[in-house]
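Visitor: Please find one structure pasted underneath; my questions will follow.
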Amino acid sequence: MADADSSDRDRLIVALDLPDLRIAEAMVDRLGDSVGFYKIGYQLAYAGGLPLARALVGAGKKVFIDLKLHDIGNTVSGGVESLGHLGATFLTVHAYPQTMKAAVAARGSSGVKILAVTVLTSYDDADLRDAGYGLGVRDLVEARARQALAIGVDGLVCSPEEAAHLRGIVGPDMVLVTPGIRPAGAASDDQKRIMTPAKAIAAGASYLVVGRPITSAADPKQAADAIVAEIAQARA
Ligand code: C5P
């Protein structure tokens, strides 16, 4: 089996979808050197977790702020400017053209890369119909990817099932981040479009977001190490 190095390790982004700062800090401590990249989303950010982003960056970790911004352009710009000061590597917005344009214009010199969320991985065609969309998942993802590329967004969050197709559309330089990752045999939870870590990397994903398969595991460090080893093997 291939030996994992930091370039394999940093392709794993652990979602800290945890209820408070104390529990999140304990998880980061437990994961130690096994994990170099963390995602802070709604649950932790709205429970006082944003200062952890700054602390993690100070400790040499990378941070993905997953607040999926979407509002009028002026408000999106203000949010991107404020979040840009945290030192994060990635920040998500929903893939609506106005929102993406405002975010790209506002990232300025902060160094934060804007990722657009095409279609949430918990959505299938029936969910999109329920939400009033005329396009199915595949067509909507493709249309939004083309818009993101034209606007100058840095990367996309997409289902691993879409990664190979999207790589063909957006070319080699755009970052593709895929949640909906489940090691073989793991519970799918509420995700509907899932793939194993090795298959997602082989499909062209640049980074994998993994939450519950690590944070709810009996041994989170071991679960993270196993995923990094799978990433290394897929890249070897
Ligand atoms: O626990 P699990 O591995 O399912 O966590 C996946 C993470 O990725 C969650 O934080 C979720 O909000 C996020 N995400 C997603 N689908 C997207 C974008 C983000 O599941 N399209």
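Visitor: List pairs: first residue in region 98-123 and under 13 Å from I65 (Cα atoms), second residue modelled with pLDDT of 90 or more and of a type in the set (S, T, N, Q) anywhere in the structure, Cβ distance under 6 angstrom, at least six positions apart or on different chains.
Guide: Short answer, once both residue conditions are applied: L115/T92; V117/T92.
Visitor: Right, next: When the residues of region 200-220 are narrowed to those that are free of Cβ contacts under 8 Å to residues at least 60 places away in the same chain and assigned to a helix (DSSP H, G or I), which ends up farthest from the ligand (Cβ to nearest atom)?
Guide: A202
Visitor: Let me ask something additional. Kindly evaluate K68 against the criterion of being open to solvent by less than 70 Å² (accessible area, probe 1.4 Å), within 16 Å of the ligand (Cβ to nearest atom) and at positive phi.
Guide: yes
Visitor: From the list G84, G73, pick out the single residue that is open to solvent by less than 20 Å² (accessible area, probe 1.4 Å) and either more than 16 Å from the ligand (Cβ to nearest atom) or at pLDDT below 95 (or both).
Guide: From the options G84, G73, the qualifying one is G84.
Visitor: Here is a follow-up. Are any residues in region 190-219 in contact with a helix residue (DSSP H, G or I) (Cβ under 7 Å, 6 or more places away or on another chain) and under 25 Å from D29 (Cα atoms), and if so, which ones?
Guide: Within region 190-219, P197, L208, V210, P213, I214, T215, A217 meet the criteria.
Visitor: To continue, here is another question. Kindly indicate whether A105 is touching a Ser or Thr at 6+ places or on another chain (Cβ under 7 Å) and within 13 Å of the ligand (Cβ to nearest atom).
Guide: No.
Visitor: A131 fails exactly one of the following numbered conditions: (1) crowded, with 17+ Cβ neighbours inside 10 Å; (2) more than 11 Å from the ligand (Cβ to nearest atom). What is the number of that condition?
Guide: (1)
Visitor: Regarding region 178-192, can at least one residue be identified that is within 30 Å of G108 (Cα to Cα) and either open to solvent by 40 Å² or more (accessible area, probe 1.4 Å) or of a type outside the set (D, E, K, R) (or both)?
Guide: Yes, region 178-192 contains a residue that is within 30 Å of G108 (Cα to Cα) and either open to solvent by 40 Å² or more (accessible area, probe 1.4 Å) or of a type outside the set (D, E, K, R) (or both).
Visitor: What tally of residues in region 134-166 results from selecting those that are of a type in the set (V, I, T), more than 13 Å from the ligand (Cβ to nearest atom) and under 16 Å from the mean Cα position of the chain (by Cα)?
Guide: Number of matching residues: 1.
The values are calculated or read from the model by the stated rules, or taken from the named source; none is laboratory data. Owing to the predicted nature of the structure, the values given are computational and were not obtained by experimental measurement. Every residue, glycine among them, receives a Cβ derived from its backbone with ideal geometry; neighbour counts consider all protein chains shown. Surface areas here come from the heavy atoms of the whole protein model, side chains and all, with no ligands, DNA or RNA. Shrake-Rupley method; radii C 1.70, N 1.55, O 1.52, S 1.80 Å.
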